[in-house]
Amino acid sequence: MLEVAVSLGSNIERESNIRAAVGGLKALYPAAVFSPVFASEAVGFEGPYFFNLAGVFKSDLKADDLVAQLRGIEAQLGRTRDGNAIGSREMDIDLLLYGDQILYEQGMDVPRQEILEYAHVLKPLSLILPDRRHPVNGSTYRELWDAMAPEHDEKLKPVKLDL
């Protein structure tokens, strides 16, 4: 079994969709651990704030089967994939980490590039895996967040949401 990490985000019916997605993941992976939830501005378009968090759990699925499972949860919550990668969505669940594997082929982006690019992905991940090292650059997620935080921490607003 590999330890995997995912990011979750929603800006449509945020509270109910986040709860439902977390519930779906906990049903499949009862030992899953989730970060606190943060609100952040939409990236690349005008829209309602997103609620974002990260989760970590162990899975024995192959990476592409796990992605299919995550997309199934998205679809259950109303997500349609219309080819538009930027826009509001009921649920977005991305595979961030698949053990320490580096998978940049066949449509995979693992470790997900967004970890190093966006505070709304890195901060939640750094809170649940602070001492784990990024498989490509070797820095811990705490170190990466400490470097990003001065410019971005104030943009993330904590959200009290019971999961």
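The values are calculated or read from the model by the stated rules, or taken from the named source; none is laboratory data. As the structure is a prediction and not an experimental result, all values here were calculated from the model. Note: ideal-geometry Cβ built from the backbone for every residue, glycine included; neighbour counts use all protein chains shown.
Among the candidates 35, 10, 59, 16, single out the residue that is under 19 Å from residue 145 (Cβ atoms) and of a type in the set (Gly, Ala, Ser).
It is 35.
How many residues are touching a residue at least 40 places away in the same chain (Cβ under 8 Å) and of a type in the set (Asp, Glu) if we restrict to the range 112-144?
Adding up the residues that qualify gives 1.
Restricting the search to the range 145-163, which residues are of a type outside the set (Asp, Glu), within 16 Å of residue 38 (Cβ to Cβ) and in a helix (DSSP H, G or I)? Step through it out loud before you land on a result.
Of the range 145-163, the ones of a type outside the set (Asp, Glu) are 145, 147-150, 152, 155-161, 163.
Still in the running and within 16 Å of residue 38 (Cβ to Cβ): 145, 148-149, 152, 155-161, 163.
Selection gives 145, 148, 149, 152, 155.
Taking the conditions exactly as written (at pLDDT 95 or above, of a type in the set (Lys, Arg) and in contact with a strand residue (DSSP E or B) (Cβ under 6 Å, 6 or more places away or on another chain)), does residue 26 satisfy them or not?
Numbers: at pLDDT 95 or above: yes; of a type in the set (Lys, Arg): yes; in contact with a strand residue (DSSP E or B) (Cβ under 6 Å, 6 or more places away or on another chain): no.
Criteria not met by residue 26.
Does residue 102 satisfy the criteria of being over 19 Å from residue 17 (Cβ atoms) and modelled with pLDDT of 95 or more? I'd like the intermediate steps shown before the answer.
Details: over 19 Å from residue 17 (Cβ atoms): yes; modelled with pLDDT of 95 or more: yes.
Against the criterion (over 19 Å from residue 17 (Cβ atoms) and modelled with pLDDT of 95 or more), residue 102 qualifies.
For the range 123-134, how many residues are crowded, with 16+ Cβ neighbours inside 10 Å and over 9 Å from the mean Cα position of the chain (by Cα)? Explain how you work it out, then say what you get.
Going through the range 123-134, the residues crowded, with 16+ Cβ neighbours inside 10 Å turn out to be 123-129, 132, 134.
Next, only the ones that are over 9 Å from the mean Cα position of the chain (by Cα) stay: 123, 126-129, 132, 134.
Summing the residues that are crowded, with 16+ Cβ neighbours inside 10 Å and over 9 Å from the mean Cα position of the chain (by Cα) in the range 123-134 gives 7.
How many residues are hydrophobic (A, V, I, L, M, F, W, C) and assigned to a loop (DSSP other than H, G, I, E, B) if we restrict to the range 131-144? Show your work before the answer.
Looking only at the range 131-144, we keep the residues that are hydrophobic (A, V, I, L, M, F, W, C), and these are 136, 144.
Next, only the ones that are assigned to a loop (DSSP other than H, G, I, E, B) stay: 136.
Matching residues across the range 131-144 total 1.
Just checking, which of 43, 67 is surrounded by 17 or more Cβ atoms within 10 Å (Cβ to Cβ) and among the β-branched types (Val, Ile, Thr)?
Values: 43 fails: surrounded by 17 or more Cβ atoms within 10 Å (Cβ to Cβ).
Being surrounded by 17 or more Cβ atoms within 10 Å (Cβ to Cβ) and among the β-branched types (Val, Ile, Thr) holds for just one of 43, 67, which is 67.
Can you name every residue in the range 145-159 that is touching a residue at least 60 places away in the same chain (Cβ under 8 Å) and exposed (fewer than 11 other Cβ atoms within 10 Å of the Cβ)? Spell out the reasoning first.
In the first step, residues of the range 145-159 are kept if they are touching a residue at least 60 places away in the same chain (Cβ under 8 Å); the result is 155-159.
Passing the criteria: only 158.
I'd like to know if the range 9-28 contains one or more residues that are touching a helix residue (DSSP H, G or I) at 6+ places or on another chain (Cβ under 8 Å) and part of a strand (DSSP E or B).
yes
Report yes if some residue within the range 78-94 is at pLDDT 95 or above and of a type in the set (Gly, Ala, Ser); otherwise report no.
no
Do we find that residue 68 is modelled with pLDDT of 95 or more and of a type in the set (A, V, I, L, M) in this structure? Spell out how you get there, then give the answer.
Values: modelled with pLDDT of 95 or more: yes; of a type in the set (A, V, I, L, M): yes.
Yes: the conditions hold for residue 68.
Between a residue in the range 85-99 that is without any contact (Cβ under 8 Å) to a residue 60 or more places away in the chain and any residue that is of a type in the set (A, V, I, L, M), which pairs come within a Cβ distance under 9 Å, given they are 6 or more apart or on different chains?
Once the first residue is without any contact (Cβ under 8 Å) to a residue 60 or more places away in the chain and sits in the range 85-99, its partners that are of a type in the set (A, V, I, L, M) give 86/42; 86/43; 87/42.
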